[in-house]
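What follows is a single structure, written as structure tokens, with notes after it.
The values are calculated or read from the model by the stated rules, or taken from the named source; none is laboratory data. Just so it is clear, the structure is predicted and the values come from calculations on it, not from any experiment. As a convention, Cβ positions derive from the backbone with ideal geometry for all residues, glycine included, and neighbour counts pool all protein chains shown.
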Amino acid sequence: MNKRKYKNYLWGYFFVAPTIIGLLILNIYPIFKTLLLSFSASTGFEEYVFSGLNNFTRVLKDREVWIGLRNTLIFSAVSVPGGIFISLLLAWLMSKEIRGRSVYRVIYFTPMVAAPAAVTMVWAWLYNSEFGFLNYVIKSLGGATHSWLHDPKYALMSVIIIAIWGGLGQQIIILIVAITNVPRVYYEAAEIDGAGGFVKLFKITVPLISPSVFFLTITGFIGSLTQFDLIYMLYNANTSKAMDSVRTIMYQYYRQAFVVQDKPYASAISIVALCLILIFTGLQFVAQKKIVHYE
């Protein structure tokens with residue numbers, strides 16, 4: 001190796017070193033540390049001893065973990081397909097030549113640039129049982145008001161609505177780009193055969209933008225299976241009657257790690273959550289071979 005080539009290699013390593021170091025410290029090390037802790041038990045004062053599969057056995061017997069898993073699956077099963085469906089319809093409408101199209105796009109993208117804490121506070125006010133806007137409208141129409149966030153019957157769906165609304169902006173932008181890239185010739189051929197708007201949407205548009213829909217499905221399920229911030233900001237675990245209806249598996253991880261201070265058990269819960277994400281992602285990649293159409 002000549003001197004010039006050696007110097008180029010050194011410069012290459014120099015520029016990638018910060019990224020590699022950051023990856024090792026912030027990603028790789030925590031993964032191995034979590035895996036190691038999940039097979040350990042605390043003896044106090046940040047000292048741990050090997051405990052085998054005891055933490056995972058405890059996870060299988062823990063009622064709160066199973067409740068969190070149930071709520072997480074319901075949250076994912078409703079919020080991801082529901083959000084993508086609504087985003088698809090809105091993206092389809094905004095991809096047409098309508099007046100104020102740019103304004104609508106900005107409005108729907110606003111949730112993506114707003115601070116999550118501020119958004120949550122606004123929704124908490126909308127849902128407030130005493131002076132919230134939603135109950136005010138219902139009461140004005142003669143309906144019965146509800147404690148939307150703290151009634152176990154409505155709590156999870158109320159959180160799902162917030163999550164769907166918060167994800168619309170990114171999903172709409174991605175779908176608009178995908179829709180505008182569909183060749184016009186397919187629509188013209190369908191119009192000759194007498195196809196209407198919804199027929200063209202579901203028979204032409206959806207199949208041709210299925211790679212984008214698949215991407216949103218993958219990222220949506222990963223995000224929903226790790227849902228934590230909404231629950232944390234909306235609920236007080238010590239006072240809310242609806243905690244069993246809304247706690248997710250990642251909220252249970254947070255509680256064990258930072259409230260109970262049982263980090264080995266919390267690590268086992270996080271490993272279970274990781275396995276759940278890998279299973280769902282794997283199933284989606286298997287299914288995409290039949291339902292996703294690449295040009």
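If the condition is being charged (D, E, K, R) and either under 30 Å from Val182 (Cβ atoms) or crowded, with 16+ Cβ neighbours inside 10 Å (or both), then the stretch 90-148 contributes Lys96, Glu97, Arg99, Arg101, Arg105.
Elements of the type helices (runs of 4 or more DSSP H) sitting completely within the stretch 1-91 and holding at least 1 residues that are in contact with a helix residue (DSSP H, G or I) (Cβ under 8 Å, 6 or more places away or on another chain), among the β-branched types (Val, Ile, Thr) and modelled with pLDDT of 90 or more: these cover 29-38, 54-61. For the stretch 191-200, the set of residues classified as surrounded by fewer than 17 Cβ atoms within 10 Å (Cβ to Cβ), in contact with a helix residue (DSSP H, G or I) (Cβ under 9 Å, 6 or more places away or on another chain) and part of a helix (DSSP H, G or I) consists of Glu191, Gly197, Val199, listed by residue number. Residue pairs whose Cβ atoms lie under 8 Å apart, sitting 6 or more positions apart in sequence or on different chains, and linking a residue in the stretch 115-135 that is part of a helix (DSSP H, G or I) to a partner that is surrounded by fewer than 17 Cβ atoms within 10 Å (Cβ to Cβ) and hydroxyl-bearing (Ser, Thr, Tyr), are Asn135/Ser129; Asn135/Thr145. Checked against the criteria, Ile173 counts as surrounded by fewer than 21 Cβ atoms within 10 Å (Cβ to Cβ) and within 18 Å of the chain's Cα centre (by Cα). Residues of the stretch 155-182 that are without any contact (Cβ under 8 Å) to a residue 40 or more places away in the chain and under 11 Å from Ser245 (Cβ atoms): Ser158 alone. You will find that of Ala273, Ala266, the residue that is more than 17 Å from the chain's Cα centre (by Cα) and crowded, with 18+ Cβ neighbours inside 10 Å is Ala266 and no other. Just one of the listed residues (Thr219, Thr145) is under 30 Å from the mean Cα position of the chain (by Cα), closer than 30 Å to Val286 by Cα and in the same structural domain as Val119 (by TED's automatic domain parsing), namely Thr219.
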